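The values are calculated or read from the model by the stated rules, or taken from the named source; none is laboratory data. Keep in mind that what you see is a predicted model, and the values were worked out from it rather than measured. Methodologically, a virtual Cβ is constructed for each residue, glycine included, from the backbone with ideal geometry; neighbour enumeration extends over all protein chains shown. The accessibility values were calculated without ligands, DNA or RNA, using every heavy atom of the protein model including side chains. Shrake-Rupley method; radii C 1.70, N 1.55, O 1.52, S 1.80 Å.
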Amino acid sequence: MTDHIAQKIAEKAGVPDMPEALRSLSGSDLSSLLMEVFRLRAEQTPAGSLLQQYQRNAFAQPADTDMVLMLEKELEILRYLRQQHYQPLELSPVGQFGSCAVVGTVSQNKIISAIRHTEVMADATNALALHMAGIRSAGGFNSEILRYSTVHRHIRAMRLPVKGYTPHFKVACMVAAGKDTGNYSFELTTIKEQLLHIYWLLTVIFTIKQISVKIIPRGGYTGDTLISAIGALTTGMPMKMAVEPHAGENNYYKGLQFKVLIQPEQGPEMEIADGGFTDWTQQLTGNKKERCLISGIGLSLLIKYAQHQQSNI
């Protein structure tokens, strides 16, 4: 909701300073107030209108993917990642309120905010990083790399002009968190392993043959030595890799971002995975030596791709 719309609603209700008044409430007081408002609205909603509201609500509609195939692939993915020391973690359907907007510079307007200090899960990598920041802090920020993975349904309150886009979709995620021990040891280790894991998942589980990776430099690291070090990895990787021209700071990824693309047998090249280094664990713990690498694979898109392949057999 924009400031203009919020102000217009507040004036219509006869309380011009309503947004500011509500913002100043404690989290528990705001939750209590909203709970009562929602209770009253639920009581006033006739059963006959519920179906009509449901049919108009894109957020509430079921997914259009094969559920059995999805679950089979999820299990294969998580079993493989567990073997590679990316411990699967089943997250809550909701995340801590502000998980995305506070550290990831994502507008809260793109998140479905909820009561009781929560929001509907919009990005599982944020939730994993938050959980891992607590573990890293409790462990005294040791030099061991912490690795977690998950498959989770995400929902985002925005519409994209992309064919086949739906508000909710499943993503397979990996997050690695650790300490800067010098010579980009954390960065080189984790980006190589995550790219190799993504490659294995795409080639073995989804039998995709043509895979390429774009490395996009981002701000946040001093100089170009990180990109130079990462560039040296490209010669030993099984997929085609290219380092893009410097794209500048985007306030989300730090140092670099990568995009994984696949080439279907028919149709244009398709972006299927995305990742990069973030400063989320630094922000959450206040420790500038902390490092974090995240990645996400568009599992719903891959399932639709697999369904299409099966239908052509």
What number of residues within region 1-27 satisfy the criterion of being open to solvent by less than 70 Å² (accessible area, probe 1.4 Å) and either under 13 Å from R116 (Cα atoms) or part of a loop (DSSP other than H, G, I, E, B) (or both)?
6
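Given the criterion in contact with a Leu (Cβ under 7 Å, 6 or more places away or on another chain) and over 30 Å from T207 (Cβ atoms), identify the matching residue among Q53, Q96.
Values: Q53 fails: in contact with a Leu (Cβ under 7 Å, 6 or more places away or on another chain).
Matching residue, one of Q53, Q96: Q96.
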Test for Q87: is it open to solvent by 30 Å² or more (accessible area, probe 1.4 Å), farther than 25 Å from D29 by Cβ and at pLDDT 95 or above
yes
Please identify the pairs in which a residue from region 203-223 that is without any contact (Cβ under 8 Å) to a residue 24 or more places away in the chain has its Cβ atom under 9 Å from the Cβ atom of a residue that is open to solvent by less than 10 Å² (accessible area, probe 1.4 Å) and in a helix (DSSP H, G or I), counting only partners at least 6 apart or on another chain.
none
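Name the residues in region 198-208 that are aliphatic (A, V, I, L, M), open to solvent by less than 60 Å² (accessible area, probe 1.4 Å) and more than 20 Å from the chain's Cα centre (by Cα), would you? Talk me through it step by step, then tell me what you get.
The initial filter retains those residues of region 198-208 that are aliphatic (A, V, I, L, M), namely 198, 201-202, 204-205, 208.
The next check asks that each one be open to solvent by less than 60 Å² (accessible area, probe 1.4 Å); those that pass are 198, 201-202, 205, 208.
Those that are aliphatic (A, V, I, L, M), open to solvent by less than 60 Å² (accessible area, probe 1.4 Å) and more than 20 Å from the chain's Cα centre (by Cα): I205, I208.
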Name the residue that is least open to solvent (accessible area, probe 1.4 Å), counting only residues in region 116-174 that are at pLDDT below 95 and among the charged types (D, E, K, R).
R156
Could you say whether any residue in region 51-65 is basic (K, R) and surrounded by 11 or more Cβ atoms within 10 Å (Cβ to Cβ)?
no
Mind checking which pairs have a first residue in region 129-147 that is in contact (Cβ under 8 Å) with a residue 12 or more places away in the chain and of a type outside the set (S, T, N, Q) and a second that is open to solvent by 70 Å² or more (accessible area, probe 1.4 Å) and part of a loop (DSSP other than H, G, I, E, B), Cβ under 6 Å, 6 or more apart or different chains?
R147/H85
For residues in region 105-115 being in a loop (DSSP other than H, G, I, E, B) and over 17 Å from L284 (Cβ atoms), which is least open to solvent (accessible area, probe 1.4 Å)?
I111
Being among the polar types (S, T, N, Q) and in a loop (DSSP other than H, G, I, E, B) is the filter; apply it to region 48-62 and report the residue that is nearest to A176 (Cα to Cα).
Q61
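Would you mind stating whether R153 is closer than 29 Å to V37 by Cβ, out of contact with any His (no Cβ under 6 Å at 6 or more places or on another chain) and basic (K, R)? Walk me through it before giving the result.
Values: closer than 29 Å to V37 by Cβ: yes; out of contact with any His (no Cβ under 6 Å at 6 or more places or on another chain): no; basic (K, R): yes.
For R153, the condition - closer than 29 Å to V37 by Cβ, out of contact with any His (no Cβ under 6 Å at 6 or more places or on another chain) and basic (K, R) - is not met.
Does at least one position in region 63-73 carry a residue that is farther than 30 Å from S149 by Cβ and part of a helix (DSSP H, G or I)? Walk me through how you get there before you give the answer.
Here is the first cut: in region 63-73, the ones farther than 30 Å from S149 by Cβ are none.
No, region 63-73 contains no residue that is farther than 30 Å from S149 by Cβ and part of a helix (DSSP H, G or I).
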Inter-residue pairs, beta-carbon under 7 Å, first among the aromatic types (F, W, Y) and in region 180-197, second outside any helix (DSSP H, G or I) and open to solvent by less than 10 Å² (accessible area, probe 1.4 Å), 6+ apart:
F186/G178
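Go through region 74-104 and give me each residue that's assigned to a loop (DSSP other than H, G, I, E, B) and over 17 Å from the mean Cα position of the chain (by Cα).
Our first condition is that a residue be assigned to a loop (DSSP other than H, G, I, E, B); within region 74-104, this holds for 84-86, 89-93, 97-100.
Matches in region 74-104: Q84, H85.
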Go through (1) assigned to a strand (DSSP E or B); (2) polar (S, T, N, Q); (3) at positive phi one by one and return the number of the condition S149 breaks.
(3)
